[in-house]
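*Asks:* Got a structure for you, questions after.
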Amino acid sequence: MKLKQDEKGLTLIEIMLVVIIMGVLVALVVPQFSGRTEQARQAAANADINANIATALELYYMDNGAYPSSEQGLSALHQKPDVPPLPLAWNGPYLKKGSATKDPWNESYVYISPGEHNPESYDLFSKGSDRQPGGEDDVCNWQNEEFNE
């Protein structure tokens with residue numbers, strides 16, 4: 001299609017102005033969403049620890065009279081453990097294969113049984129985005145305490 005003499009396309013300066021304006025808008029909007037991503041990850045870890053995995057561990061406990069040992073770990077919720085103490089009436093899997101054993105930062109949840117904070121049951125936590133225990137964004141199944149190792 002040919003342009004008539006009085007019709008003109010966009011000049012290079014006009015295109016550059018549009019690109020600069022779009023860049024400024026993106027620079028203003030992106031930081032607003034980056035904080036939300038971290039909040040969503042913490043909420044997902046909290047749901048896993050205090051609901052999904054907790055429910056599976058309670059079902060395991062009801063069937064076997066004890067929680068999986070630290071050595072058996074959370075894999076005892078997927079497949080019958082072959083490490084002592086062997087479960088008496090394993091009726092799993094208690095979790096779908098591959099679900100809820102990794103936190104939103106793609107690290108394994110830390111499971112300790114009996115727990116240091118919950119000696120009658122277990123400690124379960126995510127090390128958060130810094131992947132170090134004791135960080136500010138750790139998510140755990142005990143309240144009002146800081147994890148110190």
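The values are calculated or read from the model by the stated rules, or taken from the named source; none is laboratory data. Bear in mind that the values here come from a model prediction, so they are computed numbers and not experimental data. We place every Cβ from the backbone using ideal geometry, glycine too, and count neighbours over all the protein chains shown.
*Asks:* Is it true that residue 58 is assigned to a helix (DSSP H, G or I), of a type in the set (Asp, Glu), modelled with pLDDT under 95 and over 12 Å from the mean Cα position of the chain (by Cα)?
*Replies:* Answer is yes for this residue.
*Asks:* Taking the range 1-45, which residues are modelled with pLDDT under 80, more than 30 Å from residue 127 (Cα to Cα) and polar (S, T, N, Q)?
*Replies:* If the condition is that a residue be modelled with pLDDT under 80, more than 30 Å from residue 127 (Cα to Cα) and polar (S, T, N, Q), then 5 is the only one that fits.
*Asks:* Would you pick out the residues in the range 97-136 that are hydrophobic (A, V, I, L, M, F, W, C) and not in a loop (DSSP other than H, G, I, E, B)?
*Replies:* 110, 112, 124, 125
*Asks:* May I pose another question? When the residues of the range 78-127 are narrowed to those that are within 14 Å of the chain's Cα centre (by Cα) and among the hydrophobic types (A, V, I, L, M, F, W, C), which ends up modelled with the lowest pLDDT?
*Replies:* The extreme case among them is 100.
*Asks:* Then there's this: Would you check if residue 28 is in a loop (DSSP other than H, G, I, E, B) and not polar (S, T, N, Q)?
*Replies:* In short, no.
*Asks:* Taking the range 65-88 only, how many residues are in a loop (DSSP other than H, G, I, E, B) and either within 13 Å of residue 122 (Cα to Cα) or among the small types (Gly, Ala, Ser) (or both)?
*Replies:* Counting residues in the range 65-88 that are in a loop (DSSP other than H, G, I, E, B) and either within 13 Å of residue 122 (Cα to Cα) or among the small types (Gly, Ala, Ser) (or both) gives 8.
*Asks:* Let me ask something else. Identify the single condition in (1) in contact with a Pro (Cβ under 7 Å, 6 or more places away or on another chain); (2) over 16 Å from residue 123 (Cβ atoms) that residue 62 does not satisfy, given that it satisfies every other one.
*Replies:* (1)
*Asks:* OK, next. Which pairs have Cβ atoms under 8 Å, sit 6 or more apart or on different chains, and link a residue in the range 88-104 that is under 19 Å from residue 67 (Cβ atoms) to one that is of a type in the set (Val, Ile, Thr) and at pLDDT below 90?
*Replies:* Cβ pairs passing all conditions: 95/101.
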